[in-house]
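Working notes, structure below.
Please treat every number below as a calculation from the coordinates, not as lab data. Everything numeric here is computed off the predicted structure, so don't read it as measured data. Counting neighbours? That spans all protein chains shown, and the Cβs are built from the backbone with ideal geometry, glycine included.
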Amino acid sequence: MERKLHVDLQENSYDIFIEKGILSLLGEKIKSIYNGEKIFVLTDKNVNKHYGNKLKKSLEKAGFMTKFMVLEPGEATKSFNTLPSIYDELLDFKITRKDLIITLGGGVIGDLGGFAAASFLRGVPFIQVPTSIVAQVDSSVGGKVAVDLERGKNLVGSFYQPKAVYIDAEVLNTLSDKFYKDGMGEVIKYGCIKDREFFYKLKSLKNRAQVMDNIEEIIYNCCLIKKIVVEIDERDLGERMLLNFGHTLGHAVEKYYNFTGYSHGEAVGIGMYNITLKSENEGLTKKGVAQEIKEILINYGLPYEVDIENNDIILDTIALDKKNMGKVLKIIVIKDIGESIIYDTIPEFFKGVK
Ligand code: GLY
């Protein structure tokens, strides 16, 4: 069954299509939104091994001329330094502003390819085909594209909306358990910030098999929440910040372990639980909410605490966070499951929190 969502951003509006098996149908589907001839596909070695041929066949059967660029998997690829090689390939393939780029992969490929699309010739249209849970429920929707600098992640980027997002949940079958859990951290976040019923639905699912039985509905629900938030605040100046629940502390935890200890989703889980413990103690959150979060994280095999001796390092990282606006640190707290607010504080709020 095809599920469809429309992201309404005036001239930058687009549709999100969610359907198992859609990858093999993409050539025909794309014809309805693109009448050019050339398509440049950016992907990585892991994804290409499983799905490159499927996409290539589908695009070529529909009459498109394709060129695939296959990069190394992993965050290191999302470097600013990768861009010149992509621009070279785009030049060799003589891509113009009338042609199309497809990003086939997880968050790294989507963010990097999206930024290459945004910047090459001042903007070439692109389509997101996300293949990880994090990318399917979060990074492929909303137009945040970026690359990393040596001094930090996502420091160079843009808001550049795709022309469409095609989500095939079947590709998640080849996802390792590590990436499955990573994605579920972000999925749980949506329940925490906006949808109580969804939170308890997720809590009732016993294992990965049960999650996969409901996966299209789960993806749809997350994308629905995200599209509503992005429509209100495309440029991340207010409502969109709610998507950062658990992220301020989570990011500091990831950084503390040099991005090699906890995955992003795991760190977000740790962040969601610990900020909620704190906000409960401050009287901002209903008692018992942190326990609910702890229980769902345990259900999904996600960590909820870390043993960090030196909390000052965490405070320093938070003080440098780009979510800081002057002296004020905007953090997200939940009053109850499904009810989130932006709360103005200072980095010291996190003193003793880990
Ligand atoms: N991933 C958070 C956002 O798109 O704003």
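Stick to Cα atoms and the Kirkwood definition of Rh, then tell me Rg/Rh for segment 126-199.
With Rh from the inverse mean 1/r over Cα pairs, Rg/Rh is 1.01.
Evaluate segment 133-286: find the radius of gyration of its Cα atoms, find its Kirkwood radius, and give the ratio Rg to Rh.
That ratio is 0.95, to two decimals.
Treating each Cα of segment 87-163 as an identical point scatterer and ignoring solvent, apply the Debye formula and state log10 I(q)/I(0) at q = 0.13, 0.16 Å⁻¹.
Debye intensities relative to I(0), on a log10 scale: -0.35, -0.53.
For Asp44, what residues show an amide H to amide H distance below 5 Å, using hydrogens built from the backbone and excluding near sequence neighbours?
Leu71
Obtain the nm distance between the two label points defined at Leu320 and Glu75 by a simple spin-label model: each point lies 7 Å from its Cα along the Cα-to-C-beta direction.
1.4 nm
Return the percentage of antiparallel bridges among DSSP beta bridges fully within the chain, rounded to the nearest 5 %.
Taking every DSSP beta bridge with both residues in the chain, the antiparallel ones total about 45 percent.
Whole-Å semi-axes of the chain's equivalent ellipsoid, largest first, each the root of 5 times a Cα gyration tensor eigenvalue?
For the chain, the semi-axes come out at 34, 22, 18 Å.
Hey, which of these cross-link pairs are over 21 Å Cα-Cα: Lys201/Lys278; Lys4/Lys153; Lys31/Lys163; Lys201/Lys330?
Too far apart for the 21 Å limit: Lys201/Lys278; Lys4/Lys153; Lys201/Lys330.
When a/c is below 1.5 the answer is rounded, else prolate if a/b is larger than b/c, else oblate, so apply that to segment 208-298 with a ≥ b ≥ c taken from the square roots of the Cα gyration tensor eigenvalues.
rounded
Could you tell me which GluC sites (Glu not before Pro) in segment 201-305 are loop residues by DSSP with no more than 12 other beta carbons within 10 angstrom of their beta carbon?
Qualifying residues, ordered by number: Glu282.
For segment 1-99, what does the alpha-carbon gyration tensor say about shape, rounded, prolate or oblate, given a ≥ b ≥ c as the root eigenvalues, a/c under 1.5 as rounded, and a/b over b/c as prolate?
Rounded shape, in that the Cα axes give a/c under 1.5.
Using a/c under 1.5 as the rounded threshold, could you call segment 265-354 rounded, prolate or oblate? The axes a ≥ b ≥ c are square roots of the C-alpha gyration tensor eigenvalues, and prolate needs a/b larger than b/c, oblate otherwise.
oblate
In whole angstrom, note down how far apart the Cα centers of segment 26-45 and segment 238-269 are.
Going from one Cα centre to the other spans 33 Å.
Among Asp182, Asp92, Asp336, which one shows the highest mean-square fluctuation when the chain is modelled as a Gaussian network with alpha-carbon springs under 10 Å?
Largest GNM mean-square fluctuation: Asp92.
What share of all Cα pairs of segment 22-63, in percent, falls into each consecutive 10 Å distance bin?
29, 55, 15
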